[in-house]
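One structure is given below, encoded as structure tokens.
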Amino acid sequence: MTRHRSPKSAARPDRPGPAQPVAPAVTAALVLSVVAGVGWVGGMIYTVLEWPL
């Protein structure tokens, strides 16, 4: 039985890959978003604990 295989495309150097300078910016954004999320959760816990009943 014959298989049809499409030709492999040549690697394009102009496409951003995992080793491009975009990665540090994305990592920094993810770290900042995690810190903001932890701060928000901490603020919510503090608000609920200090809520006058």
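Numbers at a glance
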{"read-out": "Any pair with Cβ under 6 angstrom, 6 or more apart, that starts in region 40-53 at a residue that is assigned to a loop (DSSP other than H, G, I, E, B) and ends at one that is open to solvent by 100 Å² or more (accessible area, probe 1.4 Å)", "value": "none"}
{"read-out": "Condition met for residue 19 (modelled with pLDDT of 70 or more, open to solvent by less than 100 Å² (accessible area, probe 1.4 Å) and small (Gly, Ala, Ser))", "value": "no"}
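The values are calculated or read from the model by the stated rules, or taken from the named source; none is laboratory data. Worth saying up front: this structure is predicted, and the values here are computed from it rather than measured. Reconstructed Cβ throughout: ideal geometry from the backbone, glycine too, with neighbour counts over all protein chains shown. Keep in mind that these areas ignore ligands, DNA and RNA; they rest on the heavy atoms of the full protein, side chains included. Shrake-Rupley method; radii C 1.70, N 1.55, O 1.52, S 1.80 Å.
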